Each structure stands twice: as C-alpha cells, then as structure tokens.
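This report refers to the structure that appears directly beneath it.
A short reminder: the numbers here are calculations on the coordinates, not readings from a lab. What you are looking at is a predicted structure, and each value in this text was computed from that prediction instead of being measured. Here the Cβ is made from the backbone with ideal geometry for all residues, glycine too, and neighbour counts use every protein chain on show.
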There are 2 protein chains.
Amino acid sequence: MSQKNIAGYMCSLCKKVFDAGDELYTCPEDGGNLDVLLDYDEINSCCSPQTIMDSRESSLWRYLPLLPVSDPGGQDTPIHQAGFTPTYALDGLKKELGINNFWLKDESRNPTASFKDRASAVVVARALEIKADVVVTASTGNAGAALAGMSAAVGQKAVIFAPKTAPQAKIAQLLVFGARVILVDGNYDQAFDLTIEAAKEFGWYCRNTGFNPFTAEGKKTAAFEIWEQVIKPNKLNKPLSVFIPVGDGNIISGIHKGFKDLAALGWLDIFPRLFGVQTVGSAAIANAFFAGNETIIPVEASTIADSISVDLPRDGVRAVRAVTQTDGAYITVEDNDSLKAIAELGRFGVFAEPAGATAFAGFKKALKTGLVHGDDPILVLNTGSGLKDVRAAMQAVHEAPVIKPTLDALKTFLKG
Amino acid sequence: MSQKNIAGYMCSLCKKVFDAGDELYTCPEDGGNLDVLLDYDEINSCCSPQTIMDSRESSLWRYLPLLPVSDPGGQDTPIHQAGFTPTYALDGLKKELGINNFWLKDESRNPTASFKDRASAVVVARALEIKADVVVTASTGNAGAALAGMSAAVGQKAVIFAPKTAPQAKIAQLLVFGARVILVDGNYDQAFDLTIEAAKEFGWYCRNTGFNPFTAEGKKTAAFEIWEQVIKPNKLNKPLSVFIPVGDGNIISGIHKGFKDLAALGWLDIFPRLFGVQTVGSAAIANAFFAGNETIIPVEASTIADSISVDLPRDGVRAVRAVTQTDGAYITVEDNDSLKAIAELGRFGVFAEPAGATAFAGFKKALKTGLVHGDDPILVLNTGSGLKDVRAAMQAVHEAPVIKPTLDALKTFLKG
C-alpha cells in the first residue's frame, strides 16, 4: 500500500500518533478526528514556493508535493480541473464597502460547482492508491455530487447514501454521474451511520466528511491557493482575515491545516485569521465558541443554507480551534442576511449558493461590529454555485415585471 | 470611437463591404448577417501562434490580437474567466465507442456555465469601447445570463427581455446578476423584435444573437482553443470533425469564422469539418441543408433541448455554409437520443445541458451512418451545464431506490 508523504496520523483529541501503515478513519481510542502528519523536511528537500508557483498545472494537483496522495491520473478529465479556482478583486464592491483589500475566492468554478471537489478528488486519489473497489459517502448534495463526478472522471465505482428528502436537483446530478445512489428513509445522520456500517461490512472505502482524514487534506489546498494568489503576490504586512461558511466544520479545519502546513514548511510569514460563519439556525460550532469551550452540542438545524445545515458537526473540535488558534472568531447571521448577500454578490457577477453568501454576510457583520476593520485585508470564500439552489436565489431577488411585447407598453412601463 | 483591428464589415448575402466607422448590426440593404473583416497582415506583423501559446492569460482574452475589441479590463473578475475551457480526452468513452481520437470541449466550465459567455464578454468589451450606456438583449436563458454576468463583472448596465414562459431557474440567474429583467407576454421572437426597437428608441447597444456581428467574434474563440488545445499539439494529419449543437446558427457560424481567421493568417494546415446537430423538433437549418439550399423556413420548434429550440434562426445562412464549405453535414436526432446522451456523458464526469448532449448524440449517429469513421479525429462541443435544466436530467436517469436506514435493509436490497 502506497503511503506517499504520510508520516503518520495524530488524534486531534488525545494526541496519540498512529502508524502510517494503518488504514484509519477516526481515532480508535476516542473517536477524535485524525490529522495526517507530513514529513516537512522531506517536502522542503524536494520543492520550494518557487517550484510550486512555476507549475503549469491549473488545478489543486499543482500542490502534489504537499499532498499525502499520488496523482490519480486522468490528466485530461474533470479530476484535473478541481481546485485552483479564481480569486476575484471586485473593485465595485470594495468601493461600496469602503475597504481597500478584499478578495472573493469563487469555488463555484470547480467542475461539479462546489468546494467539495477538493476533498473528493484527493479521496478518489487515495482510493485508487489503496485499490479500493468502491468509494462510499453519505451526502445531502454537494459532497456526493463531487464524489460521483470525480469518481466518474477516472472510472472509480462510487456509492452515495442520501436522505430521501434531498433536493431533486442534487439527486439528479448524482445519478447523471453514474454513481449508485441509495436514498434512505431517514435523515443525514442516519445515512452517515449506515455508510460507516456498510463500508465495514462490504470493505468499501468511506469518504464521509470529517470521518475520513483525507477530506481535510483535499480541502487544505484552498489555503495553498489563498497563499499563492493573495498573500504572496500582495506582500501583505497584516494577517489576512478569511471568512469561511461552517457546517460540519471540515472546510475551516482543512483550511487551517493548509496554513499550518505552510507555516511548518517556513513558507508563511504572517498566519491568517480564520473566521467561521454559521446561520443562527445551524450554529452548533459557533455555540461552543461563544461558550468558550470545545463541547459540541447537537442542534436541530433549520436554515436556508442547506449545505451548512448540520445537526451534529463531524469536525467540530478542530473547527473551534481553527478560529481560537488564529485570533479569529465565529459569527452567526440570520437566513435573511444570507439571502440578501446572494443578491449583493450577484451584482458583481458571482452567483453564490446560500452557504457562500452566508460567509459574505458574516464578513459584513464582522466589519460592522469591529471584529475586522476597513484597512484589514479580507478574503471571503464562496463555497458553491447558486445554480444548485435556485429556489433560494428566487427568494433573494424581486420578481421581474411582465409587459406586452410592444414599444408602447415598454415606454409606459419605463415611465411608471 | 475605437475600431481596433476592424477593417470593415461584409454582408454574408450581398457581399457588400461597409466602413469600420459605422455602428452596424445586420446589412442595411438586405438584412444579411455581417462578418467583421480583420487586417490579417497587421495581425501577423504583431503576433504568431507561438506568442499566443506563450500567453499566461487563461481566458479567451489570450486571443486579444485576433479580436476586434480591446481588453475590457476587470482582470480579477469573471469576465477574465470566460473561455479557455478544458478539452477532455475521455479514455473510457473512447474504449466504449472504439475510437482513437476523441475530445469533448466542456463549455459548462464558463463562469455563467454556458458557451454564451464568449459572445457576451466580447460584446461587453465592445459596449465599453463605444461607451454604450446600456446593453440590451433578448434571451430565453443562457445568452441573457451570460450578458448579465459579464456586465456585472465590469459594472456595465444590462437590460434583458425574456418571454414570461422562460424557466424560473434561468430568470433567477438574470435577476441575481442585477440586470434589469423585463418579461414579455409573448414568445422569444417577439422579445427579439422588441429589443431591436427599444435599442433604436433609447440608444441602447443591442447584443441580440446573430443580429450583432460581435457575437460571432466572441464565439470564434472556441475555434482558436480547439486549434491550440487539440489540432496543434496532436499534429493531426486528418481534418478534425467538430460536432456542434445548432439552434439559431450563431455558434457554428462563429466557430467557422474562427477557423477561417486562422486559415487566412496561415496558421491552420488542415481545415476541420463542421457538423451541425439539431433535434428533429427544431431543425430549420438542417432542413435547408437537406433541401440543398440556403432558404431557412421557420418552424414551430418543440424540443427538450431548450437552448437550441428556435422557430426562426437568426444566423441560418452562415450556419448552412459552415458545413457545406467544410465538407461537413447536418444531423438531426430525437429528443430521446439527447436525453440518453446526458447519462452517457455523465458517466465520465461531464454533466451536459440537453443541447450539449444533442451534439454527442449527433456524433454517435454520424459514426453509425458512416459520415465519420472510428479513425477520424473527433471533437464534440458541450455548450452548457446540466445544472441549468435538472428537469431534463431527471428524465435521463432512473429513479433512485429508497430503503430503511439499516444494514439489514441494505443487505436485502443489494441481494434483490
């Protein structure tokens, strides 16, 4: 079994280190999320920031030397389109908000139109390495679509368990990608548990978010891109404040891991501040932060931002630490603020999913409440495309008027 | 008024040449579509295939020397993400079909998820050059979303007229991008005519597809990419057969123009064969081809592939010539073939809109009927994302089963 770059796994709770040879998910002792340990000296002996920046690979695979997997192949397929998403500097928005340094990283530009392609691409690479017959995941939408799409690209078999209440649009995407889709008469948590049982029973490789340590390894590539696209070229002399929508906590902990890797390599001068944004209806992790501890108490989540609607976060502790260890904070916003933010970003050409818009709404609140200031460098992460949830988008805008198809009718309307 | 690179306009019907200084749409004499004439000597004096290929610009703006507009600015916005889409070599698909050289160009990777971003990006650049206050277009979906998105990126005002029957998802996208959307109680053709009247009345710049000569100038950039990504690196010694979905005819005539530009520059050794694919329910241009003439007779279009559902094609004559002048052909397929093709492409990680899948269905028919052969190099153009029409996608796949969330239920199901 190939173990490229893996020096071991460390439990985020008990700090126990496990051998790289074991195929582990969470800590066998206490169920804590595992961090993949890398050999930073070895990485530094083979590459430098410059070799990365000189890469002609326009996907997350440009960071292959910093990843614990080998290239999955499929150079001319969608798996080599995952990541290396654009980072926009929207001048009009900066003017409106009276801020000088603002970037929006647009993950809707991933091949299946969400951030989840990063985790799925790396997990599929791992599955190929360990010659897994089947990769399986529980999902309510984006993660499953990403696994189905990345698997299809390289001919990997995939099984997706989703609650039968998942939106038809998201189920359609799973089915089109040829994954075996099994809907369960239950909620996401039940699908999650069944997936783990099924993986054990049938010897399938389980991608479940947070449960599989390689999801964070995929997600950390967004930190590498923020470093390469924003921090380095702009020679920032203040920490970059990064606003991230948070559901199960795996995106923010993955991005935290990415910056920690860069710092350990000696490639990062000023560590960014990470800000997690949740909606008030799905705030299990923010609640722990506000209570000043790491105790994640499940909630009955209800929010329009469906991709961050989570009862029981699967990566909560690391998600709290991602902000406490970086001088960041958690922020909660109302669903209405998220809807408004869809239209605010849209006016500058970015069609965000509700979760992505939530991050922007959180930034605006942080600016208002003084958590960040107008001269702080800011980056907001839009995690997916609004096309995946047009129902929410319709709530974010006013209905269009209807007129008769004549110039007279138009003139009357425009005067009105 | 800037007239970068424009040597004039030539009517595709009467061949009359008009001065570059005039702001023209169609031919004032006979209403024929106008070709933008370029000064090829001047282009060759400033650049070569190598200077293009050395460009670090990862968008259609890498072809700026071959375009009749200046850079619109907005370097760090979605307008500099339009074009330079990936071209996939899907090995699994090649094996299944028993063909050696097959590429799929994936236009769903454009910022608003369709091919139309190319036309809109170039028209918006033109609008900025001529200092147009407002750009207006008629649209049933993709073209409007593209104009709204590209306009939003650079702060250009946009007005979109759409039939009130347009899908809600597409209207949502227009509204989110902040365009002024006016629905008309009529069909697309009535919206089209009203747009032209309104543009004249209010001094707005009209983007209407085919009517505005710059839409084809934007669309031709796909030909440049096919040349740079497939024809040149693979040193093809046979003509590449390119399969293109056809509605109003402007995409195929734009791509034809691109290859003609390359040939005129002396940069293209073997001219590709262009194949237009229509569904039988919207085949006005194919009908003219089958009749052996250029007389476009309107139809009452009815097809599941809504972005190529057209009663009265606005660029029909040039679309017929795009195949007759390149040893290509028109092919018609049933809606059912298009639906099947959505699932066939999906299994390799590409989620196509029905129109894009139609092109693939047309290629398969051409292979079966001997129009092309297994050893011919083939490229199929997917024009947009399936996320824009999940209703169609759901018809392309089987429904997913529902089980109780228990291992026993799963085992019973898997045995069944």
For region B:168-256, which trypsin sites (Lys or Arg not before Pro) are in a loop by DSSP, counting at most 15 other Cβ atoms within 10 Å? B:K235
Explain nothing, just compute: Karplus ³J(HN,Hα) = 6.51 cos²θ - 1.76 cosθ + 1.60, θ = phi - 60°, for every residue of region A:183-194 in order, whole Hz, x for Gly and Pro. 8, 10, 7, x, 9, 4, 4, 5, 4, 4, 5, 4
May I have the convex hull volume per residue, in Å³, for the Cα set of region B:211-279? 74 Å³
For chain B, with a Gaussian network of springs between Cα atoms less than 10 Å apart, report the residue from B:V320, B:V333, B:V122 with the top mean-square fluctuation. B:V333
The helix B:250-264 Cα axis meets the longest alpha-carbon principal axis of chain B at an angle in degrees, between 0 and 90 and rounded to 10, of 60 degrees
Bin width 5 Å, origin at 0, all Cα-Cα pairs of region A:1-145: what percent of pairs per bin? 2, 8, 13, 15, 19, 17, 12, 7, 4, 2, 1
Could you tell me the distance between the Cα centroids of region A:31-45 and region B:240-317, to the nearest Å? 54 Å
Sort out for me the Cα centre separation of region A:63-81 from region B:9-26, rounded to whole Å. 49 Å
Going by the rotation axis that takes chain B to chain A, pick out the residue of B with the closest C-beta and quote the gap in whole Å. B:L387, 2
Given +1 on the Cβ of Lys and Arg, -1 on the Cβ of Asp and Glu, and no further charges, what dipole in debye does region A:319-416 carry about its Cα centre, rounded to the nearest 20? 340 debye
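Can you pull out the chymotrypsin sites (Phe, Trp or Tyr not before Pro) in region B:273-321 whose DSSP state is coil and whose Cβ has at most 10 other Cβ atoms within 10 Å?
none
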Expected output is a single nm value to one decimal: the length gained when fully extending between B:A263 and B:D189, i.e. 0.36 nm times separation in residues minus the C-alpha distance. What is it? 23.1 nm
Filter the cross-link list B:K200/B:K388; B:K105/B:K164; A:K105/B:K131; A:K116/B:K388; B:K232/B:K257; B:K157/B:K220 down to pairs whose alpha-carbon distance in this structure exceeds 21 Å. B:K200/B:K388; B:K105/B:K164; A:K105/B:K131; B:K157/B:K220
Ordered shortest first, which distances in nm separate the 7 Å Cα→C-beta label point of A:T324 from those of the other copies? 7.6
To the nearest 20 Debye, how big is the dipole of region A:351-392 about its Cα centre, given +1 on the beta carbon of each Lys and Arg and -1 on that of each Asp and Glu? 180 debye
Translational D (Stokes-Einstein, µm²/s) of the protein assembly as shown at 37 °C and 0.692 mPa s when Rh comes from the Kirkwood sum over C-alpha pairs? 121 µm²/s
Per-residue average of other protein chain Cβ atoms inside 10 Å, peptide A:66-79 -> 3
With everything on Cα atoms, drop me the angle between helix B:354-368 and the longest principal axis of chain B, reported from 0 to 90° to the nearest 10. 80 degrees
Taking the dipole about the Cα centre of the protein assembly as shown, with the C-beta of Lys and Arg at +1 and of Asp and Glu at -1, give me whichever of B:G21, B:A222, B:V176 is farthest to the positive side. B:V176
Inter-copy distances for A:S70, nm, shortest first, label points 7 Å along Cα→Cβ, are 5.3
What percent of all Cα-Cα pairs in region A:1-66 falls in each 5 Å bin, counting up from 0? 3, 16, 21, 17, 16, 13, 10, 4, 1
Given B:I79, B:L64, B:G92, which one lies farthest toward the positive end of the charge dipole of region B:56-96, if we put +1 on the Cβ of every Lys and Arg and -1 on the Cβ of every Asp and Glu? B:G92
Kirkwood-Stokes translational diffusion coefficient of region A:231-331, alpha-carbon pairs, 4 °C, 1.567 mPa s, µm²/s: 94 µm²/s
With a 10 Å cut-off between alpha carbons and a GNM built on chain B, which of B:S59, B:S120, B:S151 moves the most? B:S59
Using alpha carbon centroids, what distance separates region A:142-212 and region B:105-168, in Å? 36 Å
For A:S302, which inter-copy label distances result when the label point lies 7 Å beyond Cα on the Cα-to-Cβ vector, reported in nm to one decimal and in ascending order? 4.5
How far is helix A:335-346 tilted, in degrees, relative to the longest principal axis of the Cα atoms in chain A, given as a value from 0 to 90 rounded to the nearest 10? 80 degrees
Between B:L38 and residues 5 or more places away or on another chain, the pairs with built amide H atoms under 5 Å apart involve B:A7
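Counting Lys and Arg as +1 and Asp and Glu as -1, each charge on the Cβ, what is the dipole of chain A about the Cα centre in debye, to the nearest 20?
That gives chain A a dipole magnitude of about 1120 debye.
Taking region A:242-395, how much of its Cα-Cα pair set, in percent, is spaced more than 21 angstrom apart?
I get 41 percent for the Cα pairs in region A:242-395 exceeding 21 Å.
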